[in-house]
Amino acid sequence: MFGDEKLVKLDEDTFIDNKITDVRISKDLFIKGTYKTCGHEGKILEIHDHVQRMDKFITEVSPLMDYVKAEIRRNERRTKFYDRLTEQILGAAVLAVLGFIGNWLISLVKLKYFND
């Protein structure tokens with residue numbers, strides 16, 4: 001623009017003189033990648049965006065995680081209840097079978113020894 005000065009473009013409206021050493025670039029301009037000082041700005045920008053997405057995800061998901069944990073606890077209680085219920089039903093079935101066999105044996109003994 002003014003003679004043979006080399007200007008560096010920060011964004012559409014901002015240029016700085018490359019000869020000036022005391023120009024301070026803000027953190028936001030560096031993160032946005034508008035002022036390139038090394039070859040890793042793209043990676044830094046990707047990591048920054050990824051961290052922001054992770055933070056947003058964590059804040060959005062934490063109420064859902066509480067709900068999921070409550071459902072897991074509720075299902076564990078139901079599982080214990082159904083396990084106990086199954087044991088009780090199986091125990092009652094075994095007692096019923098033993099009672100039927102015992103009643104059958106008693107009726108056989110009565111018929112054989114007491115009907116003579």
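Can you tell me the FRET efficiency between Lys69 and Ala96 if r is taken as the Cβ-Cβ distance and R0 is 35 Å, rounded to the nearest 0.05?
E(calc), rounded to 0.05, equals 0.30.
What length, rounded to one decimal in nm, is gained on full extension from Lys110 through to Ile58, with 0.36 nm per residue of separation minus their alpha-carbon distance? Kindly include the intermediate steps, with their values, before the conclusion.
Numbers: separation 52, 0.36 × 52 = 18.72 nm, distance 7.59 nm.
Extra length from Lys110 to Ile58 when fully extended: 11.1 nm.
A short reminder: the numbers here are calculations on the coordinates, not readings from a lab. Everything numeric here is computed off the predicted structure, so don't read it as measured data. Quick reminder, even Gly has a Cβ in these numbers, built from the backbone with ideal geometry, and neighbours come from all protein chains shown.
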